[in-house]
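Each remark here refers to the structure printed beneath this line.
Computed from the coordinates by the stated procedures, all read-outs in this text should not be read as laboratory data. The structure displayed is predicted, hence computed values, not measured ones. No Cβ is skipped: glycine too gets one built from the backbone with ideal geometry, and neighbour counts run over all protein chains shown.
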């Protein structure tokens with residue numbers, strides 16, 4: 001007769017030992033920190049990586065270019081530029097899987113200092129809004145079904161983004177906020193254990209998180225947006241800079257589809273949380289406006305108080321999809337960006353898959369903005385607000 | 001100027017407050033328990049849900065039948081038998097997504113009492129063994145790449161299993177052990193926070209976990225098998241019974257491809273961890289063996305000490321794939337099943353997508369085994385081992 005002694009020691013632990021162990025783990029989590037400074041947190045906006053008006057369709061071209069730009073941004077001086085793919089899935093029509101094992105030694109991607117978060121775009125929003133997942137009520141079968149359907153949709157997108165990054169040789173690891181144990185309380189973040197994200201970074205991986213359906217301890221469930229996730233990650237990881245990739249050049253003073261929309265190049269956030277436009281200057285704008293007789297005169301302050309359309313970084317077509325947007329829309333997006341800037345971290349909002357996004361990702365536009373760089377930077381200016 | 005006050009209150013918390021909050025959360029986790037007894041933990045064996053010799057190919061037929069059987073097993077007496085799918089992904093060739101929102105109210109699946117864990121089969125094993133993920137060494141680029149590739153492969157399978165279950169109206173939620181924060185220490189389980197699994201169950205979902213590549217605090221990384229996961233879940237959730245679905249009828253005394261292989265119907269596990277065969281009895285076997293002159297006489301004890309091939313529940317073709325098996329193979333599988341039985345939980349090992357699996361899942365074979373039920377039950381018998 002064979003003795004089936006337990007090869008895994010922890011089954012024999014008593015409840016008291018378990019409690020002690022958990023407390024120890026908690027302490028480890030509390031003291032756990034990333035061993036390497038995070039260079040950049042990147043938000044892949046849903047509008048940039050999916051076809052907004054085509055349900056569950058990825059913008060393959062943008063995703064490929066963005067992945068390649070991310071790879072370029074991660075490369076350190078001495079790195080080989082040869083791409084060694086990490087998605088070893090079977091390709092359609094092929095019977096086997098191949099990987100060139102011998103080539104992996106000379107690769108030196110500085111990948112541990114990036115974190116990726118992506119939005120949902122045309123994934124998930126339909127399922128969430130159809131069932132009202134963002135409003136909660138898991139006791140309703142429809143909401144529960146919508147929760148399941150939403151998670152299926154957003155994790156499908158997550159897997160595709162992880163694969164696209166891996167094909168570019170980026171050691172990407174998909175991490176769903178739901179599985180990570182992130183929950184909300186009345187739609188505000190209640191718990192967000194970042195220890196696994198930190199461990200993944202410490203091990204040299206690039207965590208890839210996403211907007212997700214999560215449990216809410218008061219209303220049952222809700223949708224946690226990628227923008228809120230970014231802010232929490234930024235507060236914890238203190239990256240050098242944050243880049244939001246979207247599908248227009250940056251933040252505008254009105255819907256960018258309007259002919260006179262002005263791209264706001266630099267926004268200053270002061271300590272009290274207020275913000276103002278630094279560039280273009282009021283003078284620049286007056287000059288521009290004086291040549292446009294059909295537009296009422298105004299300055300940024302007057303735009304700023306019209307909070308319903310203060311800043312726009314998504315195109316007008318967004319409004320046709322807005323009914324599906326369960327994550328708070330533009331107000332949340334800008335508000336989150338300003339909160340990150342308030343931490344002393346520069347935030348760049350830039351059009352994905354352009355030379356501008358490439359330059360923002362590599363950190364080239366830090367400091368004084370190059371004149372030929374198109375995008376919006378949101379920066380902390382300390383106590384004095386230069387424009388007020 | 002607009003005041004960008006923070007809509008999410010926790011950003012303003014100090015480090016001390018955060019520490020206190022985390023400690024509170026830890027306490028919550030420690031005291032957190034499932035509010036409803038778990039009826040069954042189901043292992044969908046890799047061999048049953050994938051085509052073992054066809055890389056990254058799902059056994060669609062088996063997965064569909066198993067999902068349907070699971071649904072039947074979950075239905076309570078008064079439930080509607082109409083299937084209300086929860087996978088609202090866009091179907092190929094269709095432009096929109098449809099869900100019949102009005103039909104969701106009369107549905108009453110007793111789904112909160114099931115947990116699903118699946119193996120990898122022809123997903124993940126190639127990537128893991130090619131790179132040696134199970135042996136660790138994340139400082140090597142090949143291992144890191146293999147880790148990424150393995151996770152892509154197993155999460156691809158997980159997503160498909162979640163979708164198949166959702167199509168049957170089962171509120172399934174994919175949860176990756178890596179993202180859940182499960183780690184190992186020298187390949188033994190080091191931390192396995194089950195609070196999110198418990199929360200998902202309490203909210204009426206069916207968590208769907210899987211064998212995964214995880215971080216190991218000594219060797220960097222390893223593979224955590226679905227069988228080890230099952231045992232941990234069983235120890236915590238104390239289900240009424242556990243069902244392992246595989247691709248042969250149950251546990252055999254030798255490779256089931258051999259003509260004289262005997263299906264072991266009932267195995268008893270005693271308190272000291274030893275086990276013995278209760279059914280068929282020694283007499284039954286002698287009767288059978290006396291008619292088979294080419295097989296040496298023996299009893300189960302002699303089989304039992306030949307530990308290299310004591311019990312087999314996978315077909316001979318398995319041996320051709322065994323080089324890819326990074327999870328410990330048959331010895332681990334049987335050992336884990338016996339450890340679960342030792343907790344006082346009946347374990348059924350049965351062929352997937354048969355009437356036998358259907359009966360095991362529904363709990364119909366609990367107690368005295370029906371004569372016409374084919375499969376293996378592993379049971380705890382307390383201090384006295386009936387067969388020793």
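Data for the structure
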item	result
Ascending count of other beta-carbon atoms within 10 Å, so fewest first, for B:44, A:215, B:249	B:249, A:215, B:44
For residues of A:151-158, the mean tally of beta carbons on other chains within 10 Å	5
Inter-copy spacing of residue B:202 label points, which lie 7 Å from Cα along Cα→Cβ, given in nm from shortest upward	2.8
Sorted by Cβ density within 10 Å, fewest first, the residues A:150, A:222, B:368	B:368, A:222, A:150
Normalised contact order of segment A:125-190, rounded percent, pairs of Cα under 8 Å and 6 or more residues apart	20
Per-copy distances of the residue A:60 label point, shortest first, in nm (7 angstrom along Cα→Cβ)	2.1
Inter-copy label distances at residue B:363 (7 Å, Cα→Cβ; nm, one decimal)	5.9
Stokes-Einstein diffusion coefficient of segment A:345-385, Kirkwood radius over Cα pairs, 25 °C, 0.890 mPa s, in µm²/s	227
